[in-house]
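A quick write-up on the structure given underneath.
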Amino acid sequence: MNLGQGFPDADGPADLLRLAADAVLAGPNQYAPGGGDAALRRAVVEHRRAHWGVTEDPDAELLVTAGVTEAIAATVLALVGPGDEVVTVEPFYDSHAATVALAGARHVTVPVEPPAFLPDPARIAAALTDRTRLLILNTPHNPTGAVYPRALLEEIVRLCRERGVLILSDEVYEHLVFEGEHVSLRSIPGAREIALTASGAGKAFAVTGWKVGWLAGPAELVAAVRAVKQYLTFSTGPAYQAAMAAYLPRGEAHLVGQRERYRATRDALVAGLRAVGLEPVVPDAGYFVVVDLAPWGVTDASAAVRDWVREAGVAGIPVSALCRPTDDPADAHLASWLRLAFCKSEDVVAEGMRRLAEAAPRLRRG
Ligand SMILES: *Cc1c(COP(=O)(O)O)cnc(C)c1O
């Protein structure tokens, strides 16, 4: 039961898939415009206005990217160079760290602690130096499911404006919020001039392989990112862009239905973990539950996941893989924590929890 990698085990809505198939047959099949299909850019701007109350110019302030991954990479490569520092929350998404390394910059982290997993603005302030160029945020947060409240974002924006730091906000789980409300960073007063937001269709519409993402930001920063994108991918599959452009304005029912399905699999996963004596943090959003294996005597979840695969046939990801590497894995931040994905069918989650319960006596250490 693969509860490790965060991709859905059911494809997105059939009418969306049909739109892409039709678009392949009818065309376009040649290079899309580098900045993205004009109809998709307009649809994304309208989507962001309707959902998050931000208005952007579809020509100057929005760029279509090859997934959120490219939006992140192109932004970091465009804005950050050797000698610069980039601050992220820890745990962090792996590609945030990798692109900072590709840019030759120094990665500085601000650890977050259970159960809220919200960054302390004082710790962010302490992490900023004269060399800090960029703060990368991720709300809702992978892997913890934390949804950053408006007041926290306001404080972070105030801080970054004062200190001359740009912000990249990865909001790929914006539509997977079960409790509370997603606030898009660029809707915060004062954020527009210093903040870029990345999101995309993959997670929201269960088409992660399509790699349709976007980046919104101030015109001059988006122009700089577009110049880098020109030599990364240049452009993204035109049929997928056309399909998303047509579907986005009427995708609401899917978003609501998917949220309810994932709420049910989240709850099933949480119940299954509680039934074997673990205390997962119930996530407000996203694809994942994180759980401390310390009650089972585990100090290093990266070793425990191998036992889980062997004894229970259940795969997860140690949260330490999303934290700074350390010489001794047991010294990593959240070393005894495991991430399990619930963006899976009810059957897969139920079978995973059944096997876990069966193997639990062999997996507990002391
Ligand atoms: C899945 C994920 C991405 C990648 O998005 P793509 O559109 O597939 O490139 C980016 N950021 C976070 C936090 C993710 O979980």
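The values are calculated or read from the model by the stated rules, or taken from the named source; none is laboratory data. For clarity, every value in this text was computed on a predicted model and none was experimentally measured. Please note: Cβ atoms are built from the backbone with ideal geometry, for glycine as well, and neighbour counts cover all protein chains shown.
Which members of segment 47-68 meet the condition of being within 16 Å of the ligand (Cβ to nearest atom) and in contact with a strand residue (DSSP E or B) (Cβ under 6 Å, 6 or more places away or on another chain)?
Selection gives Leu62, Leu63, Val64, Thr65, Gly67, Val68.
Being among the aromatic types (Phe, Trp, Tyr) and more than 16 Å from Gly352 (Cα to Cα) is the filter here, so list the residues in segment 290-330 that pass it.
Applying the first criterion (among the aromatic types (Phe, Trp, Tyr)) to segment 290-330 yields 296, 308.
Correct list: Trp296 only.
Name the single residue, out of those in segment 169-190 being outside any helix (DSSP H, G or I), among the hydroxyl-bearing types (Ser, Thr, Tyr) and touching a residue at least 60 places away in the same chain (Cβ under 8 Å), that is nearest to the ligand (Cβ to nearest atom). Full working, then the answer.
Initially, segment 169-190 is screened for residues outside any helix (DSSP H, G or I), giving 169-184, 188-190.
Narrowing further to those that are among the hydroxyl-bearing types (Ser, Thr, Tyr): 169, 173, 184.
Going one step further and asking which of them are touching a residue at least 60 places away in the same chain (Cβ under 8 Å), we end up with 173, 184.
Numbers: Tyr173: 7, Ser184: 15 Å.
Restricting to residues being outside any helix (DSSP H, G or I), among the hydroxyl-bearing types (Ser, Thr, Tyr) and touching a residue at least 60 places away in the same chain (Cβ under 8 Å), the top hit is Tyr173.
Conditions (1) within 23 Å of the chain's Cα centre (by Cα); (2) loosely packed, with under 13 Cβ neighbours inside 10 Å; (3) touching a residue at least 60 places away in the same chain (Cβ under 8 Å), marked per residue:
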position: Leu3; (1), (2), (3): yes, no, yes
position: Gly12; (1), (2), (3): yes, no, yes
position: Ala26; (1), (2), (3): no, yes, no
position: Tyr31; (1), (2), (3): no, yes, yes
position: Ala38; (1), (2), (3): no, no, no
position: His47; (1), (2), (3): yes, no, yes
position: Trp52; (1), (2), (3): yes, no, yes
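Pairs needed: first member in segment 93-109, under 23 Å from Gly145 (Cα atoms) and within 16 Å of the ligand (Cβ to nearest atom); second member anywhere, hydroxyl-bearing (Ser, Thr, Tyr) and assigned to a helix (DSSP H, G or I); C-beta distance under 6 Å; at least 6 residues apart or different chains.
Cβ pairs passing all conditions: Ser95/Thr69.
Run Asn138 past the list (1) within 16 Å of the ligand (Cβ to nearest atom); (2) in contact (Cβ under 8 Å) with a residue 60 or more places away in the chain and report the number of the one that doesn't hold.
Unmet condition: (2).
Of the numbered conditions (1) at pLDDT 95 or above; (2) of a type in the set (D, E, K, R); (3) outside any helix (DSSP H, G or I), Asp9 fails exactly one; give the number of that condition.
(1)
Do you know which of the residues in segment 200-239 that are in a helix (DSSP H, G or I) and within 11 Å of the ligand (Cβ to nearest atom) is surrounded by the fewest Cβ atoms within 10 Å (Cβ to Cβ)?
By that ranking, first place goes to Gly209.
One line per residue, one yes/no per condition, for (1) touching a residue at least 60 places away in the same chain (Cβ under 8 Å); (2) within 23 Å of Tyr148 (Cβ to Cβ); (3) small (Gly, Ala, Ser):
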position: Tyr247; (1), (2), (3): yes, no, no
position: Leu255; (1), (2), (3): yes, yes, no
position: Tyr262; (1), (2), (3): yes, yes, no
position: Thr265; (1), (2), (3): yes, no, no
position: Ala271; (1), (2), (3): yes, no, yes
position: Arg274; (1), (2), (3): no, no, no
position: Tyr287; (1), (2), (3): yes, yes, no
position: Ala294; (1), (2), (3): no, no, yes
position: Gly297; (1), (2), (3): yes, no, yes
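Does segment 72-85 contain any residue that is more than 16 Å from the ligand (Cβ to nearest atom) and among the charged types (D, E, K, R)? Give the derivation first.
Step one: of segment 72-85, the residues more than 16 Å from the ligand (Cβ to nearest atom) are 78-85.
Imposing the further condition that a residue be among the charged types (D, E, K, R) reduces the set to 84-85.
Within segment 72-85, one or more residues are more than 16 Å from the ligand (Cβ to nearest atom) and among the charged types (D, E, K, R).
For segment 153-168, state whether one or more residues are closer than 19 Å to Gln258 by Cβ, within 13 Å of the ligand (Cβ to nearest atom) and at pLDDT 95 or above.
Our first condition is that a residue be closer than 19 Å to Gln258 by Cβ; within segment 153-168, this holds for none.
No: zero hits.
Could you tell me which numbered condition Arg310 fails, if it satisfies all but one of (1) under 27 Å from Arg261 (Cβ atoms); (2) assigned to a helix (DSSP H, G or I)?
(1)
Considering segment 17-47 alone, what residues qualify as being closer than 17 Å to Ala223 by Cβ and charged (D, E, K, R)?
Of everything in segment 17-47, just one residue is closer than 17 Å to Ala223 by Cβ and charged (D, E, K, R), namely Arg41.
For residues in segment 182-199 being surrounded by fewer than 24 Cβ atoms within 10 Å (Cβ to Cβ) and not aliphatic (A, V, I, L, M), which is nearest to Ala14 (Cα to Cα)?
So, considering only residues that are surrounded by fewer than 24 Cβ atoms within 10 Å (Cβ to Cβ) and not aliphatic (A, V, I, L, M), the one nearest to Ala14 (Cα to Cα) is His182.
Pairs only if they're at least six apart or on different chains, beta carbon under 6 angstrom, first in segment 201-223 and on the phi > 0 side of the Ramachandran plot, second near the ligand (Cβ under 8 Å from one of its atoms); list them, first residue then second.
Close Cβ pairs satisfying both conditions: Lys211/Ala66; Lys211/Gly67.
If you check Thr109 against the conditions, is it among the polar types (S, T, N, Q) and in contact with a Ser or Thr (Cβ under 7 Å, 6 or more places away or on another chain)? Let's see the steps before the verdict.
On the way: among the polar types (S, T, N, Q): yes; in contact with a Ser or Thr (Cβ under 7 Å, 6 or more places away or on another chain): yes.
Against the criterion (among the polar types (S, T, N, Q) and in contact with a Ser or Thr (Cβ under 7 Å, 6 or more places away or on another chain)), Thr109 qualifies.
If you take just the strands (runs of 3 or more DSSP E) that sit entirely in segment 56-164, which of them hold at least 1 residues that are surrounded by 22 or more Cβ atoms within 10 Å (Cβ to Cβ)? Walk me through how you get there before you give the answer.
Numbers: elements: 62-66, 85-90, 106-111, 132-138.
Filter on segment 56-164 gives 62-66, 85-90, 132-138.
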